[in-house]
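Okay, so here's the structure we're looking at.
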């Protein structure tokens with residue numbers, strides 16, 4: 001009996017201590033939220049940076065050519081020779097095809113012979129007129145006849161020259177509408193020429209957005225055939241009147257296509273930069289939280305986060321401009337916002353680079 005007394009006393013004291021520590025009606029383990037708050041949450045972090053940022057407006061339009069001309073036959077005739085094909089580059093005045101112009105050539109020669117005869121007759125009577133041997137009216141009639149025949153000859157010569165179908169502008173032969181042996185009538189379309197070095201697109205801007213645009217604003221264009229490639233354009237004109245059919249203003253965008261990568265008829269997606277902020281403080285849009293009409297970020301300091309309200313500006317290209325509320329050297333959470341609150345401990349899984357390292 002004496003040997004068991006100390007053991008019983010020890011058990012009694014231990015039980016009393018446990019009951020005193022727990023208390024009646026209290027949990028026997030540490031609170032769950034306390035445990036979670038003590039465990040660092042893995043996050044990815046980043047820092048604001050300085051960059052030029054643009055406010056943009058998106059629009060779509062079909063790309064066309066402002067220099068697009070049909071080439072028509074100016075005289076009737078049979079096609080006897082084709083000198084160009086679709087895709088060929090031609091200069092203004094270049095002969096594209098020839099028609100059978102033999103009849104026109106003979107008419108031109110006959111008109112020239114009439115001019116030569118009339119000029120000889122006129123020159124022979126110049127001296128007679130000076131000597132008063134012929135009447136003034138007869139001499140004037142010879143002069144008028146010569147002028148008329150010269151005009152007729154020039155018309156016949158022009159018609160003969162029209163048997164050579166020429167390019168009215170420089171550019172690419174877009175289509176060939178004729179075949180050898182085909183008989184053309186006046187105004188039949190033989191070719192179509194397009195100058196693709198400078199293309200144009202007509203953008204329709206809603207009334208509510210018009211104040212954002214001005215002549216000289218730049219744009220980037222993307223087309224489906226070359227995803228990821230951007231082509232520059234410039235707003236050259238903005239119509240001062242509204243299109244009553246759709247309630248929009250028409251802006252004309254000129255596209256430099258000296259390399260020939262774009263073609264008329266392509267459907268383009270335009271991103272127009274109408275406002276620029278140089279060296280703005282920007283953060284990735286993924287770091288921003290929008291809640292209750294406020295924009296906030298989680299700022300990391302000493303292994304903990306604090307939720308802070310910021311004032312934002314332009315958003316473009318996955319970045320957001322920060323106007324106030326954040327310092328350039330502060331660290332913010334980029335990925336891993338879920339479950340965070342002010343005071344949460346975090347463990348950054350990436351390292352902020354030294355922006356001042358040379």
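The values are calculated or read from the model by the stated rules, or taken from the named source; none is laboratory data. Every value quoted in this text rests on a predicted model; they were computed, and no experiment measured them. Because the Cβ atoms are built from the backbone with ideal geometry, glycine has one as well, and the counts that use them run over all protein chains shown.
Computed values, structure above
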quantity: Criterion: under 21 Å from the mean Cα position of the chain (by Cα), surrounded by fewer than 14 Cβ atoms within 10 Å (Cβ to Cβ) and either assigned to a strand (DSSP E or B) or assigned by TED's automatic domain parsing to the domain that holds residue 314 (or both) - qualifying residue of 250, 237; calculated: 237
quantity: Qualifying residue in the range 224-234 (condition: in the same structural domain as residue 258 (by TED's automatic domain parsing), surrounded by 14 or more Cβ atoms within 10 Å (Cβ to Cβ) and without any contact (Cβ under 8 Å) to a residue 24 or more places away in the chain); calculated: yes
quantity: Lone unmet requirement of (1) part of a strand (DSSP E or B); (2) at pLDDT 90 or above; (3) surrounded by 13 or more Cβ atoms within 10 Å (Cβ to Cβ) for residue 326; calculated: (1)
quantity: Test: residue 123 is in contact with a helix residue (DSSP H, G or I) (Cβ under 9 Å, 6 or more places away or on another chain) and outside the structural domain of residue 77 (by TED's automatic domain parsing); calculated: no
quantity: Selection from the range 86-112 of residues that are closer than 13 Å to residue 167 by Cβ and assigned to a helix (DSSP H, G or I); calculated: none
quantity: Residue check, residue 177 surrounded by fewer than 17 Cβ atoms within 10 Å (Cβ to Cβ) and under 25 Å from residue 82 (Cα atoms); calculated: yes
quantity: Filtered residues of the range 66-119 (kept if at positive phi and either in contact with a helix residue (DSSP H, G or I) (Cβ under 9 Å, 6 or more places away or on another chain) or crowded, with 16+ Cβ neighbours inside 10 Å (or both)); calculated: 77
